[in-house]
């Protein structure tokens, strides 16, 4: 519809007969303006706007010609895009209290992403009556423009209206992958800036295939309306080329398939089928022309075996396991040089003394080796799997792979496995290359044997950082939040997709350490805000922060790795014999209320007068944190005025305990002043 025609339509509407629906003075009407065209608003909505004393409309979303429907010469017409909620509410309340009629005009239908709930609640608080007038939502305007039905029997019978998470979060049970699994007609609002993320989720859901048709409408029914047709395979690139960034709706449905209107189209509705009987008409032959059938598609089953042995938490040390005579000879040498355990077939027990001599092992030559096995190699690997951090398998790769395959659990808990031939020429890290240290172990073995460490980890081959091996800070490695998309981000990095790096501004001192770890990589770029990561330009992101992510940023962990550097020092003061549970609860409450992450804890700190407190010692052990003790004499040199008032000032002549201890151990700044609990105090300082 051209601009000139749009204005003509508005003029015709204004010249129409008097309102059929009379407004009640002092009432607020929430009116759905429809998708854009002024003649797609309901008659009731048009009549109410014509009577309004205040027309308050969403001018960034509602086509401006709709404002022309206001007919009162004295009517106040206000666009709401530049107003915050309190200003909007004030305008509505004041107008209604004067007996005026308020037309609060929203785009589409007020019930759908209209932000009307809080407005209605406020009006109820002020005892102001209000009514809701529905409108045509963009999804149905888009279907009308394409001349399609979104519910075709035997093809699709469900329509889902949804959006993706952004600043407004989504409930966990409403993530796009779950909603899309059924393959229904799907209308996705407010998500065009994340079209690549949308496509990835739809394809991962299993409900759609790359060839599933998609339509993207920009300002549907507006004068400058445009739209794109494509499939999930190409729509993201088409959107990028068109430059759509807002005011767009994504429509995904098998009902959009053009061939459905061709010669081979499906016969669908029973309502008008001559062979179908219903309450208003009898079928010609009282029989249906076909039977309805349901095809149930089940995903492939997953055989759940025994519990992975790799989940055992009690591993330590390393074991060398060999199969052949020459392999066992090399295994003896490796065990001697690395000072680790050894397992070889018992049939070689008589030759071990000679091999030890050759390896330069002189002590205990008369004692028999304890780790001789008589069963299968696979059984020996299974026996050692839950006991050792590192397994060095001197055997053919095929044997090694078959031995460890049934035992695999998670890379966070599986041991490092290195396989090498009996001559030590090819040294292959099979498992745990990064996290468990197999790559480095392979290099050490290759140096000893004169062989070649066959490192296949893509990041190392390309000279890119291993995202699962973040830096250490004073001997403590940065933790990775368990919800992080580590595998996804690592894949994006090695596939040369853009990865953004966000460093919390309070942690600016870590920038040099991060730069040294990450290096100069073309597809790694720094961003200033988390909002910058929430666009398709960045396929993945790295977030380095000691803070808990706000709710409206939680969705970023679907594509980002969240690192927790150990930068928080928690100062603790307490009375005598306060148990660890009570201290821990106070600490947890403090961190929760200040949005700080316990995973970024570096140490606990207290004064030497409290060093023997069992509760403090137990808490440090439970949290696996060092308990730093500050001498009283050192505290006595501080100026008490810079700290919160404390009982320690009168009792011990000290400026305090929690605050000064945290500050001195951290060497940075106090970010959480002392919080007092029944029998303890907590303060938090940030490392400098």
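Taken together, the values in this text are just the output of simple stated rules run on the coordinates, not laboratory data. As the structure is a prediction and not an experimental result, all values here were calculated from the model. Counting neighbours? That spans all protein chains shown, and the Cβs are built from the backbone with ideal geometry, glycine included.
At-a-glance table
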| quantity | calculated |
| --- | --- |
| Residue 515 paired with residue 454, simple spin-label distance in nm, labels 7 Å along Cα-to-beta-carbon | 4.0 nm |
| When the stretch 598-688 is reduced to its Cα atoms, the Kirkwood hydrodynamic radius in Å | 13.3 Å |
| Cβ crowding within 10 Å averaged over residues, with 207-217, 327-337 ranked highest first | 327-337, 207-217 |
| CD proxy at 222 nm, helix term only [per DSSP H run n ≥ 4: -39500 (n - 2.57); per residue of the chain; nearest 500] | -8000 deg cm²/dmol |
| Distance in nm between pseudo-label sites at residue 182 and residue 624 (7 Å out along the Cβ direction from Cα) | 4.3 nm |
| Theoretical gain in end-to-end length, residue 21 to residue 444 [0.36 nm per residue, Cα-Cα removed] | 143.7 nm |
| The stretch 315-456: C-alpha pair distances exceeding 21 Å, % | 36 percent |
| Relative contact order [Cα under 8 Å, 6+ residues apart], the chain, whole percent | 7 percent |
| Proxy reagent accessibility, fewest Cβ within 10 Å first, across 526, 385, 478 | 526, 478, 385 |
| FRET efficiency, 1/(1 + (r/R0)^6) with R0 22 Å, evaluated for residue 44 and residue 149 via beta carbons | 0.25 |
| Linear extension gain, residue 531 paired with residue 401, 0.36 nm per residue minus alpha-carbon span | 42.4 nm |
| Efficiency of FRET between residue 349 and residue 387 - r from beta-carbon atoms, R0 35 angstrom, step 0.05 | 0.95 |
| Whole-Å distance, taken between Cα centres, linking the stretch 385-414 and the stretch 510-546 | 34 Å |
| log₁₀ of I(q)/I(0) at q = 0.09, 0.12 Å⁻¹ - the stretch 79-216, Debye sum with one point per alpha carbon | -0.39, -0.64 |
| Simple label model, 7 Å out from Cα along Cβ direction - residue 676 to residue 97, nm | 4.2 nm |
| Length-normalised contact order of the stretch 626-688 in % [C-alpha pairs under 8 Å, at least 6 apart] | 26 percent |
| Mean Cβ neighbour count within 10 Å, used as a protection proxy, ranking 28-40, 65-77 highest first | 28-40, 65-77 |
| Gain on full stretching of the segment that runs from residue 261 to residue 226 - 0.36 nm per residue minus C-alpha separation | 10.3 nm |
| Viscosity 1.567 mPa s, 4 °C: Kirkwood-radius Stokes-Einstein D of the chain over Cα pairs, µm²/s | 41 µm²/s |
| Computed Kirkwood radius, in angstrom, where 1/r is averaged over Cα pairs of the stretch 9-120 | 13.7 Å |
| Tail fraction, Cα-Cα pairs, the stretch 540-676, threshold 25 Å, whole percent | 30 percent |
| Volume in Å³ per residue [convex hull over Cα atoms, computed for the stretch 472-564] | 99 Å³ |
| Förster radius 51 Å - calculated FRET efficiency between residue 488 and residue 125 (Cβ-Cβ, nearest 0.05) | 0.65 |
| Whole-number percent relative contact order across the stretch 3-136, with pairs defined as alpha carbons under 8 Å at least 6 apart | 37 percent |
| Peptides ranked, highest mean first, by Cβ atoms within 10 Å: ranges 219-225, 512-518 | 219-225, 512-518 |
